[in-house]
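Working notes, structure below.
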Amino acid sequence: MPDAGQIDGRSLIRRRAGLRLWLSAGWLTLLATAALLAPWIAPKDPLAQDLFLGRLPPFWMAGAEPGYWLGTDSLGRDVLSRIIHGARVALMVALIAGTITCVIGATLGLLAGFLRGWVDMIISRLIDIWMAFPPVLFSILLIAVLGPGLTSIIIAIVVIDWTRFARVVRAEAMAQGAMDYVASARVAGRGRIGTMIREILPNVLPTIVVLLTLEMGIAVIVEAILSFVNLSISTDDPTWGGMIAEGRTSIHQAWWVLVFPLITLFLTVLSFSQLGEGLKDRFDPVLR
Amino acid sequence: MSFLSIRNLSVRLKKGPPLLRRVSLDVQAGEVRGLVGESGAGKSMIGKAVLGILPPSVEITGGEILLDGTDLLRLPPKDRRRRIGASCALIPQDPLTALNPSHRIGPQITDRLVDILGWSRSTAESRARDLLAEVQIPEPDRVLRAYPHELSGGMRQRILIASAFAAEPRLIVADEPTTALDVTVQKQILKLIAGMQARHGTALLFVTHDLGVVSKVCQNLSVLYSGMVVEDSAVTDFFAAPRHPYSRALLAATPKYTDPAAGLTPVPDEVIAAVRAEVAAFDAGGIA
């Protein structure tokens, strides 16, 4: 009986964790550590102004002052320290808004995709209606009503972006629901919610993780955009978007004020999306 | 009294055409009944109706499904689930989608026994090991720890067969269990199912479009056309002298491997026309 006994070569395939997973996780870990320890590791006070030290260039250029690694802005505030403190707001928004959006969106998507029927009808129509709102205007409107601040930003992100999760998870749950293993579980006597949690959820999870990390990246961007248009937290606290907005006015005299927060923002958003893809490759049992 | 007795079962697409037209058939305890017909004849639909896993797009419009004397269709959903789970099981068609890719093999067999039937974990585990040995899987312990993607299609089908027999059901619905497999593996799997069925004395509703399979495993068969039972015979009688013209044509259409030059014989047009007329006459009778 040649077929029996072979646990064939499939079990031998083990993918390497991959460079992008390590790089993205590394950058985010670094950033998270810096954000957590900001008051202790930031070289200067991010709010301290010193007009005599305005527009100092970064350390490798002529005229740099020791201790001001990435230079200063027009008010003499240290760019590196402001980036480190800005990471606190960025990561907080990413984590909180990303997670809440994910939980709400994924739950609704799972219910709609697996239970179908009237539940699906209601949730799908809600998604359709929701997606007809222009997101940027919607978020600015929301913040105008709620007033600026961190909570408002988080609420705005959740309210706008839950459909992203709901749509994808719904489609995925629907596809999984048609599989024979779901039928077997039902025949064995598992209830609908039990089947959903035990059989469907683990198979949708890799997709949810990818979406979650993407959403965290998006949350960072949204926060930056809202800071840029001055709708985020008070202008005293450093944010990347706020720094970019300030740096814009002096781009010809002091490009570093704009460029360094921009690079940080770029790397962070890129890392979030690559982290998701990397995790999926690593942990999806079907790909593994 | 027969263990499963389907009486005048009618199923249709919601607000659409009928899929099953007053189907009646019986499966005695320990009997193997074949259910044959061309694609779309409704053979899988019968199995799904019995197991309570009809897709949400279809509805049962009439009839009875008596399981051990109780009409399943009159039971509240929860009791129905429990009764089906305790006495029935499914061997699905496609072994590649019938095991949950996210769970190891062991829990997929045992969790149902533990969670739903209240077995102790250790009893369930030793039961799973015995069953895997019974379906001739070497190294059952290793297989129990494997994920489905690590195993070949034939192995997975063996596992599904083992899993179906796990709770000693009195009726198993086998929905084209060999269709998705290589011809070389098909024969082994058929032998295995037949052997298991005989040892455990389980009634089997064997859905297939392969009359060769029917002749090897079944004692009786029902021939379906367009959701109507056109013939219900013992297998020996059927192969000796099929009663219905459609059955005769179906039998004549079976390819003869011993005579490759003969080519394929389609079911003649006039037979199709005649059986269609029968269906139309049935529909015109106003009994849905």
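FYI, it's all coordinate maths here, none of it is from the lab. None of these values were measured; they are calculated from a predicted model. Cβ coordinates were reconstructed from backbone atoms using ideal geometry, including for glycine residues, and neighbour counts include every protein chain displayed.
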Across B:91-103, the residue-averaged tally of Cβ atoms belonging to other chains within 10 Å stands at 6
One would report the Cα pair-distance distribution of segment A:135-288, bin width 10 Å, in %, as 10, 28, 27, 19, 11, 4, 1, 0
Taking Cα pairs closer than 8 Å and at least 6 residues apart, the relative contact order of chain A in percent is 25
note: the protein assembly as shown, Cα-Cα separations exceeding 38 Å make up a percent value of 48
Per-residue average of other protein chain Cβ atoms inside 10 Å, peptide B:108-114 -> 2
Ranked output for segments B:206-218, B:181-193 by mean other Cβ atoms within 10 Å, highest leading, reads B:206-218, B:181-193
For chain B, the longest principal axis of the Cα atoms and the Cα long axis of helix B:105-115 enclose an angle in degrees, to the nearest 10, of 90
Quick calc, the protein assembly as shown, dipole around Cα centre from Cβ unit charges on Lys, Arg (+) and Asp, Glu (-), nearest 20 debye, gives 720
Descending packing, highest mean Cβ count within 10 Å first, for B:67-78, A:65-76 is A:65-76, B:67-78
Projected onto their principal axes, the Cα atoms of segment A:75-146 stretch, largest extent first, over whole-Å spans of 61, 24, 16
Inter-chain shielding metric for B:152-163, i.e. average beta-carbon neighbours from other chains within 10 angstrom, reads 2
Given Cβ charges of +1 for Lys and Arg and -1 for Asp and Glu, the option among B:S215, A:A38, A:T99 whose Cα lies farthest towards the positive end of the dipole of the protein assembly as shown is B:S215
To the nearest 10 degrees, the tilt of helix A:256-283 (Cα long axis) against the first principal axis of the alpha carbons of chain A is 20
1/(1 + (r/R0)^6) with r = Cβ-Cβ of B:L54 and B:E139, R0 = 45 Å, i.e. FRET efficiency to nearest 0.05, evaluates to 0.70
Over all directions, segment B:202-280 yields a Cα convex hull whose mean projected area in nm² is 5.8
Of all chymotrypsin sites (Phe, Trp or Tyr not before Pro) in segment B:216-288, the ones in DSSP coil with at most 12 other Cβ atoms within 10 Å are B:Y257
Computed on Cα atoms only, the convex hull of chain A has an orientation-averaged projected area in nm² of 20.2
Taking segment A:244-288, the whole-percent share of alpha-carbon pairs separated by over 12 angstrom is 66
Segment B:98-205 -> Rg/Rh from Cα coords, Kirkwood Rh, value 0.94
Quick calc, A:L137 & A:I41: beta-carbon distance into FRET formula, R0 35 Å, rounding 0.05, result 0.35
Per-residue ellipticity at 222 nm attributable to helices in chain B (runs of n ≥ 4 DSSP H, -39500 (n - 2.57) apiece, nearest 500 deg cm²/dmol) works out to -12500 deg cm²/dmol
For chain B, shape from the Cα gyration tensor axes a ≥ b ≥ c, cut at a/c of 1.5 then a/b versus b/c, turns out oblate
Semi-axes a, b, c in Å (a largest) for segment B:30-158, each sqrt of 5 times a Cα gyration tensor eigenvalue, come to 30, 19, 14
Relative contact order in percent for segment A:233-278 (Cα pairs under 8 Å, 6+ apart) equals 29
Extension length gain for A:T99 and A:R248 (0.36 nm per residue less Cα distance), in nm, is 50.5 nm
Given the candidates A:W256, B:G69, A:F114, the one whose Cα lies deepest towards the positive end of the charge dipole of the protein assembly as shown, counting +1 at each Lys or Arg C-beta and -1 at each Asp or Glu C-beta, is B:G69
Under 17 Å by backbone N from the virtual spin label 7 Å along Cα-to-Cβ at A:A32, the residues of segment A:242-279 are A:268-279
Placing each pseudo-label 7 Å from Cα in the direction of the beta carbon, B:A194 and B:L73 end up separated by a distance in nanometres of 3.5
The helix B:77-87 Cα axis meets the longest alpha-carbon principal axis of chain B at an angle in degrees, between 0 and 90 and rounded to 10, of 80
Given a Förster distance of 45 Å, the FRET efficiency implied by the Cβ-Cβ spacing of A:V229 and A:R20, rounded to the nearest 0.05, works out to 0.90
With a ≥ b ≥ c from the Cα gyration tensor eigenvalues, square-rooted, and the rule rounded for a/c under 1.5, otherwise prolate when a/b > b/c and oblate otherwise, segment B:152-225 is oblate
For chain B the mean separation of alpha carbon contacts under 8 Å (6+ apart) over residue count, i.e. relative contact order in percent, is 24
